[in-house]
Amino acid sequence: MSDYPRLARIESPADLRALDRKELPALADELRAFLIESVSKTGGHLSSNLGTVELTIALHYVFDTPEDRIVWDVGHQTYSHKILTGRREAMAGLRHLGGISGFPRRPESEYDTFGTAHSSTSVSAALGMAVAARANGETRASVAVIGDGAMSAGMAFEALNNAGSMKDIGLLVILNDNEMSISQPVGALSNILARLMAPYGAARRIGKKVLGVAPPVAELARKVEEYAKGIIAPGSPGTLFEEFGFHYFGPVDGHDLDTLIPVLQNLRSFNGPHFLHVITRKGQGYKLAEADPTRYHGVGKFDRHTGIQDASGGGKPTYTQIFGDWLCEAAARDPRVVGITPAMCEGSGLTRFAAEFPDRYYDVGIAEQHALTFAAGLACEGSRPVVAIYSTFLQRAYDQLIHDIALQNLPVVLAIDRGGLVGADGATHHGAFDLSFLACVPNLLLMTPADENECRQMLHTALCHDGPSAVRYPRGKGPGVSPEAALSALPLGKAEIRRRGKKTALLAFGSMLAPALEAGEALDATVVNMRFVKPLDAALVESLARDHELLVSIEENSAIGGAGAEVARVIDILPARPRLLRLGLPDHFIDHGEQHELLAETELDADGIAAAVRRAQTPPGAQDKT
């Protein structure tokens, strides 16, 4: 740590608060340099963390953490927070198996007051903490740090609406406005914030004059009220948040500690709901990330001097790329096709579609519920909407799927990315439950492709289907099957036998086909590519049940519910039922690590499948005999 002499002295926020304020800008420089060096070795979220260095320092310098509560929205901007709260050395294992998480986690540190990784939850959680403090007669503060992208979600406004009526709570909401979420922000609020930035230079100078000298509270309040209501134009976010019942302050330069600290010190002394608007820049202090914050949002290992290098040409496409190319082809053939994403253009593979079909591309912001009902409305009028959504984010729109799409039997296609184990993002982002919560929904066609070509064919099948449908595919690359140019709708509910064996039949769903085939060779087992979770190929399952002693369902999804439950439903009504072994993800949340490590840990790789089957084939008590 010789390159970071001030940072080396910080083991907790108490050490930070012991520093002279004049040392804090130099500490910020060291912290930013350490972040770049650290993330370049481990991978992780970079540009968002570079943008919150000074804000993090100011918060821990002013507030008495962990007694005062700080809730970070999403949490992919908390690396500085982790470093300043005793986890500097642990950053070497960030997002690796057995290492610390890339997001706040309550079991990891008392400073992680609320576990986050999904957007727009911070105000609700901080409000709950503030109300609990009031009920317990405590005077601690509760702070929610939320980004402008996260403010596009309805949940954030539900919480603001609730909080604005509570005048005797210690709640501070900080809007970290960097004009981005992961992608560029969308919607009316982002336009309001953008308009406000035009006169920001003058507002910033006046804000420093009004807020930076720490006058008596009454005078400060009067001047700030004049500032917020007079200088900020009607229709600005100041007006908006004042209408919600908050006292609005800002905008304030989020990289200027000489402004941030006095403002936070003054706000800490106030009671009631307050709203501080802070302007930051994603990638601040690292020119490559400043120039392309989206590219540097989530990174693998890279050379910090030269930046991210383009991978060499060739190689297998990812499932996300397969989907994006298919959607462009489908839109070129059918003018009814519409692409929808809840703020995940790049992540869901829609960049090309957005460029080629801008009039049929809709990024609705971080609003998964709205995305599905918006798609339902389009389908009612003859469009063929395709919603590109991560499995873990689809969880947030379950009622809309059931009530607005499935119940009305509308032709909406769900392209579900990141089904199964996603790797370094961990428990909050694993698509561990979708087959379970989707299989029980009436009218829904549910498909799981085993390779790249099958993914294309299933997406085409879904688009041809006159009802709701879902194609669920994993993160990353497939086994390397080249997609066929010709597209044809698959016969609904029909599986295929890929290997003939004896006594045991492995029923593999989606990504589990490749390891099942490898295990099948070792076991001399029949291997089936099931393709459809719903409708299941009941006729084939019944046939296999007559010819095999053991059926094994294999899915990269919770073993409770899901595809295995559908197989069990078929077997349960047979007069002569074979034994059924259901392999899937265990009944606990799975931490972060490389995908192959997690598959091995959960016995869903080829060796694990073979071992589990051999245990099931062994008669009870046989292993105890000598």
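Quick note: the coordinates plus some simple rules give every number you see, no bench work behind them. Computed from a predicted structure; not experimentally measured. Glycine also receives a Cβ, built like all others from the backbone with ideal geometry; neighbour counts cover every protein chain displayed.
General remarks:
- Computed from the C-beta positions of residue 8 and residue 594, the FRET efficiency with R₀ = 41 Å rounds to 0.85.
- Neighbour cut-off at most 15 other Cβ (10 Å), DSSP loop, GluC sites (Glu not before Pro), the stretch 295-391: 381
- Sites residue 18 and residue 271 - FRET efficiency at Förster radius 22 Å, r taken between beta-carbons, to 0.05: 0.20
- Note on the chain: helix-only mean residue ellipticity at 222 nm, from DSSP H runs of 4+ residues weighted -39500 (n - 2.57) and normalised by residue number, equals -10500 deg cm²/dmol.
- Global form of the stretch 491-558, assessed from the alpha-carbon gyration tensor, a/c cut-off 1.5: oblate
- Nearest-ten-degree value, helix 606-617 long axis tilted from longest Cα axis of the chain: 50
- Crossing angle, helix 538-547 versus the chain [Cα axis fit, 0-90 degrees, rounded to tens]: 50
- Relative to the longest principal axis of the Cα atoms of the chain, the long axis of helix 513-523 lies at roughly 50 degrees.
- Sorted from longest to shortest, the spans of the Cα atoms of the stretch 319-472 along the three principal axes equal 38, 31, 30 Å.
- Per the Kirkwood formula applied to alpha carbons, the stretch 1-78 shows a radius of gyration over Rh ratio, Rg over Rh, of 0.95.
- DSSP-loop GluC sites (Glu not before Pro) across the stretch 431-508, with at most 14 other Cβ within 10 angstrom: 484
- Stretch gain in nm, segment residue 92-residue 587, where the contour uses 0.36 nm per residue and the Cα spacing is subtracted: 175.3 nm
- Antiparallel content of DSSP bridges confined to the chain, in %, to 5: 15
- Full extension of the segment from residue 408 to residue 539, taken as 0.36 nm per residue of separation minus the current Cα-Cα distance, would add 44.3 nm.
- Potential lengthening between residue 352 and residue 106 on full extension [0.36 nm per residue; Cα-Cα distance subtracted]: 84.7 nm
- Annotation: the residues 113, 318, 448, sorted from fewest to most other C-beta atoms within 10 Å of their own C-beta, follow the order 318, 113, 448.
- Simple point charges give the picture: +1 on the Cβ of Lys and Arg, -1 on the Cβ of Asp and Glu, and for the stretch 319-472 a dipole about the Cα centre of about 120 debye.
- Kirkwood Rh in Å, taken over the stretch 482-626 so that all alpha-carbon pairs contribute: 15.9
- Inter-label distance, nm, simple model (7 Å from Cα along the C-beta direction), residue 499/residue 305: 4.8
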